[in-house]
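A short worksheet on the structure shown next.
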Amino acid sequence: MFSKLKTHARAIHCAILRFKDDTSGAALVEMGMVLPFLILLTSGGLVVQDAIRVSYIQSKATYTVSDMVSREDSFIDANYFDGMDSVFRFLTDNGYPTELRISTVECTENCADESQRVLEFCWSESTDGLLDLTNDEIDLYASRIPLFAQGDTMLMTESFLDYTPLLGDFIISPSRYASIAFTRPRIAPQIKFDVGAVDVDGNPIVLDCFNN
């Protein structure tokens, strides 16, 4: 019995060695076996790389817009905001639907304590499809807003991009990318917003941070 098992084992070993050393066969068959996997691997790599590229471009474009607004020395208005929205869409290649929102935040109390500080939105402006932020939403952002001194303000720039992957949703699903940037005003203590209207005395109505 043992000799038979030993004979079978030797035969299997010899067959494996012959198969390993055998160089006969058609390359076309091997290509047919490997090519689908290579196509899938290459396609997946391109799709993932494109998704990462778009997310990176969106993040850089958001910081660029935020930095541009922070360098203003007085106020901005709706036309200026529309211009920044056009700049953002240009920087993201206009390839995907985008939305932009710019808000100014101030800290009014306990500004050195992240858990106790009091934050408020001074004003918020957004593109069609987005709602302007109010102080009802401030808690949703409090943990992301960096510490800054009382009397200072912080520009918060948000962008949203509806990404449709290459090859549709075959490899990854469509996604809504969100990016946010915080920038302190570079020149003026705060960036004010001119609503484009006047009060009863004929003075422009400008939204600002009351405590600044």
When THR108, THR98 are ranked with the fewest other C-beta atoms within 10 Å first, the list becomes THR108, THR98
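Tell me, what is the FRET efficiency for ASN203 and THR164 to the nearest 0.05, using R0 = 30 angstrom and their Cβ-Cβ distance as r?
After rounding to 0.05, the efficiency reads 0.05.
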Note: probe point = Cα of VAL48 + 7 Å toward Cβ; backbone nitrogen < 20 Å; residues of segment 166-199 passing the test are 166-177
ASP67 neighbourhood, Cβ < 13 Å, K/R = +1, D/E = -1, net charge +3
On the formula 1/(1 + (r/R0)^6), with r taken between the Cβ atoms of ASN79 and MET33 and R0 of 41 Å, the FRET efficiency rounded to 0.05 is 0.10
The answer for trypsin sites (Lys or Arg not before Pro) in segment 60-108 that fall in a DSSP coil and have at most 16 neighbouring Cβ atoms within 10 Å is ARG71
Quick shape check on segment 153-209: root eigenvalues a ≥ b ≥ c of the Cα gyration tensor, a/c under 1.5 is rounded, otherwise prolate if a/b tops b/c, else oblate, and it reads oblate
Contour minus Cα-Cα span, ASP67 to GLU137, at 0.36 nm per residue, comes to 22.8 nm
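Report the local net charge at ILE76: Lys and Arg +1, Asp and Glu -1, summed over other residues whose C-beta lies under 9 Å from its C-beta.
-3
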Low-density loop chymotrypsin sites (Phe, Trp or Tyr not before Pro), segment 151-194, at most 13 other Cβ within 10 Å, DSSP non-H/G/I/E/B, are PHE170
For the chain, Rg(Cα) over 2.2 N^0.38 Å is 1.77
Any residue on another chain or 5+ positions along whose placed amide H is under 5 Å from the amide H of CYS111 is listed here as GLN150
Note, segment 149-165: 3J(HN,Hα) by Karplus (6.51, -1.76, 1.60, θ = phi - 60°), whole Hz, Gly/Pro = x, goes 6, 5, x, 8, 10, 9, 7, 10, 10, 10, 9, 9, 9, 8, 9, 10, x
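Compute the relative contact order of segment 32-207 as a whole-number percentage, counting only Cα pairs closer than 8 Å that sit 6 or more residues apart in sequence.
28 percent
Just so you know, all these numbers are worked out from the coordinates, no wet-lab data involved. Values in this document were obtained by computation on a predicted structure and should not be read as measured data. Every residue, glycine as well, gets a Cβ built from its backbone with ideal geometry; the counts of neighbours run over all protein chains shown.
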